[in-house]
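Below is one structure; the comments refer to it alone.
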Amino acid sequence: MSGAVETAGRAREIGERAATGISRGPRLALLGILAICQRAYLTLWRQPVLIISTMLFPVIYLAVLGNALNRQLENVPIAVVDEAGNSLAAECRRAVLALESGRNLVVAAFPADREQALADLRTGRYRAVWVLPHGLSAAGPAPAFIGDNTDRFSYSTVESALSDIWTEATGVRRLATAETRLEAYPYLDYLTYLGPAVVCLAIFMGSMVAGGLQVIEDRMYGYHEGYLVTPVSTGAIVTGHMLAGTLVAGLAGSFVLLAIMLFTPLPMTTPEALGGGLVTVFLTALAITGLWFLLFSRARKTSALRGMFGIINVLVFFPSGALYPVESYPKWLKVVSDVDPLTYGVSALRDLLLRGAPLKSCYSEWLVLLTFSLVCGVLTQVLFRREV
């Protein structure tokens, strides 16, 4: 009997403490965060197609885009107009044929009419026209290269190859700087270069599902209103959602990182680099999840996400330096890149996995990601309260 009385007394005491507001202490906040995380995980794992597609999309992106851009140029159509008809022009023509049969770089045609060749260049029949003018000689006049510069890859490669032919034909030696060129790191093809970018793309897609779509659906079905009538604080709700999205996005990024290591071995895969890479993955996931949650904390329909996804993708993924060096951006785009958290994730992963940089070189990027996550969390909490 005394035991039952004691148990009832404890239950009454617990109820009184909850009623007086003590339930809003750290313990209940932690329990609320864990409960929200658990519900978010269960909701996502019950949609395996969504999870699998989120993880497979970046791998497919790497396989298709990496192989599409990682190929040697072949069969580029060019026209060689020989107006000189001398021995030097004949040597240049033979070298072009050797370039066609040896490297398969070009498919050469030899029209006699310069104007017709240029007209065909404008219609897309040729990618370049190489004119060997009257009086061609080492002292001048030199060949004229007219290339289709709408395609920078073909333009630069073909121009360089034809320039080499002219240099060899005239016997003019290259500058010493061209012969003593050194590479600071092991050779990287474009497929390997894209690896860190694709890891960040997986984080972006995973955080979109767990930090954007999940938040909107919770609001649509009234879960947020249910959370807000409980003793759990708004901060705990926001933190729970961010942690849930971070874990999902971080696991997606880690899965893709492991897949990349299997298909395109990274040059710097020391335990220190991999450990730092995983830390970067989860910090980037935290920052991007916070960004999604902030942007859609007041949205009530999934159509908002569908309408904004393309714009957000352009403003977050492409300015991050994932596909092109940030240093080459115009000034206004550099400003976008500086405030883009994905920029720091891509930079840290490349430093660790491609350049073999020490962990301390990534501390500044990690600090930026943590600060960005904290700012997003605070702003989301403010918007969350205003909505209700």
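Using 7 Å Cα-to-Cβ label points, what is the residue 139/residue 74 separation (nm, one decimal)?
Taking the two extended label points, one gets 4.4 nm.
How would you order 159-169, 338-348 from highest to lowest mean count of nearby Cβ atoms within 10 Å?
Per-residue Cβ counts within 10 Å, averaged per peptide and sorted highest first, yield 338-348, 159-169.
Using 0.36 nm per residue, how much length does the chain from residue 88 to residue 234 gain when fully extended, once their Cα-Cα distance is taken away? Numbers along the way, then the final one.
Details: separation 146, 0.36 × 146 = 52.56 nm, distance 8.01 nm.
Here the segment from residue 88 to residue 234 would lengthen by 44.6 nm.
Take the Cα radius of gyration of the range 102-145 and divide it by 2.2 N^0.38 Å, with N its residue count; two decimals is plenty.
Taking N as the residue count of the range 102-145, the ratio is 1.29.
At R0 = 25 Å, how high is the FRET efficiency between residue 334 and residue 160 if r is their beta carbon distance? Nearest 0.05 is fine. Mind showing how you got there, number by number?
Values: r = 29 Å, r/R0 = 1.15.
With R0 = 25 Å, the Cβ-Cβ based efficiency is 0.30.
Please calculate the 1.4 Å probe accessible area of residue 270, with all protein chains present, and give it to the nearest 10 Å².
70 Å²
The values are calculated or read from the model by the stated rules, or taken from the named source; none is laboratory data. Note that the structure is predicted; figures quoted are calculated from it, not measured. Glycine gets a Cβ as well: all are built from the backbone with ideal geometry, and neighbour counts include every protein chain shown. Areas reflect the complete protein model, heavy atoms only, side chains present, ligands, DNA and RNA absent. Shrake-Rupley method; radii C 1.70, N 1.55, O 1.52, S 1.80 Å.
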